[in-house]
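Contents: one structure, followed by commentary.
Since every read-out is calculated from the coordinates, none of them should be taken as a lab result. Computed from a predicted structure; not experimentally measured. Don't worry about glycine lacking a Cβ; one is built from the backbone with ideal geometry, like all the others, and counts go over all protein chains shown.
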Amino acid sequence: MVAVDISKILAGYNKKKISIATLGSHSALNIFKGAKEEGLRTVCVCIKGQEKVYKYFDLADEFIYVEKFHDILNKETQEKLVEHNSIVVPHGSFNAYINQDEMENKFKLPLFGNRTLLRWEVSREKQHEWLSTAGLKVPRIYHNIDEIEGKLAFVKFPGAKGGKGYFVVDSAKAYEKKIKDMLERKLITKEDAEHPYVQEYIVGVSVYPHYFYSPLKNEIELLGIDKRYESSVDGIFRIPVPELLGQKINPSFTVVGNFPMVARESLLNEIIRMGERISQQAKKIAPPGCIGPFCLETIVTENLDIIAFEISARIVAGCNAHIGGNPYTYLKYSEPMYMGKRIAREVKNAIKKETIEDVVT
Ligand code: AMP
Ligand code: AMP
């Protein structure tokens, strides 16, 4: 239950001087560039020493310096954000560094997005429930390691780890060995090892679509698709086969970057339908439902089944591969459009229509 009264804060804002604010990391460049292109001011909550990139691209009108991202919750930081009439855009670093209770109870700024859905995102069980009740195809979950015997399973750990320490196994014995190995390599902690989340491994290719739900237009937009480059799994096939066979490599999936992609055109109907179902279901599980960006992680199998294994209720870093636009946004807008700019446009339109309360929580 969200305990923050946003209307009161918004009532004190100068609507002619709204700023877009976020933490300086993850997709801040995307968010700031879009805000500036739409004529809004930008505020970067930045760790001292990490401002170089935002200065280099000249995208932040104001800096609020903090020692660690969690300090965005400090009273002084929040007061400075309010002084700048800030609408805060959450991204992956919010999930990684601030817990959900704090987001709901201590962070008293208008957030572009639905805070309650962010809680659905941080729990793997809740994600699975959201995806499956929306009618999407999802991987099987193994509750007992012995169930995987002879099948390929994917082992994940709690929190926003970006794939770090995740691995693939086919037996309980291999599982024990690999957990030990990941602990020794310090890719996971003891606590992680006690809370594994084991999914059926889906064989196919990864396709990660980015959607935008506009509360003002009541419409789903497909703003792009990406793929990830993950270490070390995407690197091991550069090792010649004879040497590879001799190594006992236990690769992990630490995300390093993203590629833009376009999907086979006949997949697009289903990709768009999936976004619509997710947003309809969001209205039921967490009213008012999606606000702005949400993104899926899927694997497309050889039968062209699309299996969804994760959902984010906010901008994902894969959107950064599309700053300036892509074929889908060009088809829809006939102008450069991308997630950061689309967010800023929704904020701008909501201010114009005096319906800003419909796009923040
Ligand atoms: P960072 O501030 O870079 O530590 O990122 C914050 C969170 O977002 C971490 O959980 C990362 O794993 C995740 N993240 C950062 N960049 C990416 C990316 N390119 N793709 C997917 N997840 C990312
Ligand atoms: P995640 O942190 O859940 O996004 O997972 C990190 C990476 O692991 C993804 O980008 C995929 O490459 C891979 N992955 C995750 N879940 C599965 C799955 N069930 N089957 C196959 N690959 C997966």
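Please report the relative contact order for region 228-361, taking Cα pairs under 8 Å with a sequence separation of at least 6, and give it as a percent rounded to a whole number. Let's see the in-between values first.
On the way: 129 pairs, mean separation 22.4, N = 134.
This gives 17 percent for region 228-361.
If you restrict to DSSP beta bridges whose two residues both lie in the chain, what percentage is antiparallel, to the nearest 5? Before the final figure, lay out the partial values.
On the way: 37 of 52 bridges.
Antiparallel bridges: around 70 percent, rounded to the nearest 5.
May I ask you to derive the relative contact order of the chain, considering only C-alpha pairs under 8 Å and at least 6 residues apart, and to give it as an integer percent? Walk me through the numbers on the way to the answer.
On the way: 698 pairs, mean separation 75.4, N = 361.
Dividing the mean separation by the residue count of the chain yields 21 percent.
Please compare each pair in Lys8/Lys353; Lys48/Lys156; Lys16/Lys80; Lys68/Lys341 to a cut-off of 24 Å on the Cα-Cα distance and tell me which ones are over it. It would help to have the intermediate numbers written out before the result.
Values: Lys8/Lys353 19 Å; Lys48/Lys156 32 Å; Lys16/Lys80 17 Å; Lys68/Lys341 27 Å.
Table pairs above 24 Å Cα-Cα are Lys48/Lys156; Lys68/Lys341.
Using only Cα atoms, what is the ratio of the radius of gyration of region 225-280 to 2.2 N^0.38 Å?
It is 1.67.
Running Debye on region 6-112 with equal point scatterers at the Cα sites and no solvent, what base-10 log of I(q)/I(0) appears at q = 0.14 Å⁻¹?
Listed by q, the Debye log ratios stand at -0.48.
How far apart, in nanometres, would the label points at Asp101 and Lys75 be if each is projected 7 angstrom from Cα along the Cα-to-Cβ direction?
2.1
For region 203-212, in order, what is each residue's ³J(HN,Hα) by Karplus, 6.51 cos²θ - 1.76 cosθ + 1.60 with θ = phi - 60°, in whole Hz (x at glycine and Pro)?
8, x, 10, 7, 9, 10, x, 10, 10, 9
Please state the shape class of region 1-53: rounded when a/c is under 1.5, otherwise prolate if a/b exceeds b/c and oblate if not, all from the C-alpha gyration tensor.
Details: a/c = 2.36, a/b = 1.47, b/c = 1.61.
Cα axes put region 1-53 in the oblate bin.
Give the peptides 233-241, 96-104, 310-318 in descending order of average Cβ contacts within 10 Å, highest first. Before the final figure, lay out each step's value.
Details: 233-241: 11.6, 96-104: 16.4, 310-318: 25.0.
So the peptides 233-241, 96-104, 310-318, ranked by packing, come out 310-318, 96-104, 233-241.
Write down the Å³ per residue value for the convex hull defined by the alpha carbon atoms of region 141-200. Show your work: numbers first, answer last.
Numbers: hull volume 4.2 nm³, N = 60.
Cα-based convex hull of region 141-200, divided per residue, equals 70 Å³.
Please list, in chain and number order, the residues 5+ apart from His195 or on another chain whose amide H is under 5 Å from its amide H, with Hs placed from the backbone.
Distant-sequence amide H within range of His195: zero hits.
Using 0.36 nm times the number of residues separating Glu219 and Arg185, minus their current alpha carbon distance, what extension gain do you get? It would help to have the intermediate numbers written out before the result.
On the way: separation 34, 0.36 × 34 = 12.24 nm, distance 4.59 nm.
Computed gain between Glu219 and Arg185 is 7.6 nm.
Which residues in region 70-96 have a backbone N closer than 14 Å to a point placed 7 Å from the Cα of His195 along the Cα-to-Cβ line?
Flagged as within label range: 96.
With +1 on each Lys and Arg Cβ and -1 on each Asp and Glu Cβ, and nothing else charged, work out how big the dipole of the chain is about its Cα centre, in Debye to the nearest 20.
Details: 50 positive and 47 negative charges, 136 e Å.
Value, rounded to 20: 660 debye.
Any idea how far apart Glu176 and Ser232 come out in nm if each label point goes 7 Å out from Cα toward Cβ?
Label at Glu176, label at Ser232, 2.4 nm between them.
How are the alpha carbon pair distances in the chain distributed across 10 Å bins from zero to the largest one, expressed in percent?
Reading the bins upward from 0: 5, 24, 33, 24, 11, 3, 0.
Please compute the length gained on full extension between Asp358 and Ala3, using 0.36 nm multiplied by the number of residues separating them and subtracting their Cα-Cα distance.
Numbers: separation 355, 0.36 × 355 = 127.80 nm, distance 1.73 nm.
Residue separation times 0.36 nm, minus the Cα-Cα distance, leaves 126.1 nm.
On C-alpha positions alone, give me the angle between the axis of helix 339-352 and the longest principal axis of the chain, in degrees, nearest 10.
It is inclined by approximately 30 degrees.
Running a GNM on the chain with Cα contacts under 10 Å, which residue among Thr298, Thr42, Thr189 ends up with the highest mean-square fluctuation?
Its mean-square fluctuation being the largest, the pick is Thr189.
Shape verdict for region 122-171, please, from the Cα gyration tensor: rounded (a/c under 1.5), prolate (a/b greater than b/c) or oblate. Kindly include the intermediate steps, with their values, before the conclusion.
On the way: a/c = 2.30, a/b = 1.26, b/c = 1.83.
Note, shape of region 122-171 comes out oblate.
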